[in-house]
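> Structure incoming, see below.
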């Protein structure tokens, strides 16, 4: 239902554990706070009651080529309509895939936006909505 591809600045050295710490700090001051955070080797789960959002981390050499294709598909604009720095992001080797459980009534739409807001405000990330 909620599907985003999020590419961190290729120069970023942050790990998934660092990302989790940043998410916890971000949500500590918000009204809509996940009631649980879980981390595994390649995934963070944010729980809202019985609903879950997942952030999967992928690191592969093909990601830069995939990203170049996405940039062309979206006319070199990100989720917010901003121009993409082609030189910087052409070296991307990591991406996060954000998605949630099925939510046909869109009960967790606002929460998905709060998570995207985190990425927009807390670092240099390139975001694409893919659904």
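Read the figures in this text as sums done on the coordinates, not as results from a lab. Everything numeric in this text was worked out from a predicted model, so none of it was measured. Cβ atoms come from the backbone with ideal geometry, glycine included; neighbour counts cover every protein chain shown.
> On C-alpha positions alone, give me the angle between the axis of helix 63-73 and the longest principal axis of the chain, in degrees, nearest 10.
Taking Cα atoms only, the helix is inclined about 90 degrees.
> Among 73, 47, which comes first, then next, by fewest other beta-carbon atoms within 10 Å?
Starting with the residue having the fewest Cβ neighbours, the order is 73, 47.
> Quote the relative contact order of the chain in percent (integer), defining contacts as alpha-carbon pairs under 8 Å separated by 6+ residues.
Once normalised by length, the contact order is 42 percent.
> Compute the long axis of helix 16-27 from its Cα atoms, compare it with the longest principal axis of the Cα atoms of the chain, and write down the angle in degrees, 0 to 90, nearest 10.
Its long axis makes an angle of about 60 degrees.
> Rank the residues 106, 1 as a footprinting-exposure proxy: fewest other Cβ atoms within 10 Å of their Cβ go first. Don't skip to the end; give the middle numbers.
Values: 106 10, 1 13.
Fewest to most other Cβ atoms nearby, the residues stand as 106, 1.
> In degrees, nearest 10, range 0 to 90: what is the angle between the Cα axis of helix 109-121 and the longest Cα principal axis of the chain?
Computed tilt is about 50 degrees.
> Using packing as a proxy for protection, rank 121-128, 92-99, 39-46 so that the peptide with the highest average count of other Cβ atoms within 10 Å comes first.
In decreasing order of mean packing, 121-128, 92-99, 39-46 become 92-99, 121-128, 39-46.
> At 222 nm, what value in deg cm²/dmol follows for the chain if DSSP H runs of at least 4 each add -39500 (n - 2.57) and the sum is divided by all its residues, to the nearest 500?
So the helix-based figure for the chain works out to -9000 deg cm²/dmol.
> Residues of the range 99-117 with amide nitrogen under 18 Å from the 7 Å Cα-to-Cβ point of residue 74?
Hits in the range 99-117 for residue 74 at 18 Å: 99-100, 112-117.
> Can you give me the Rg/Rh ratio for the range 22-83, using Cα atoms for both radii and the Kirkwood formula for Rh?
Using only Cα positions, Rg/Rh for the range 22-83 is 1.10.
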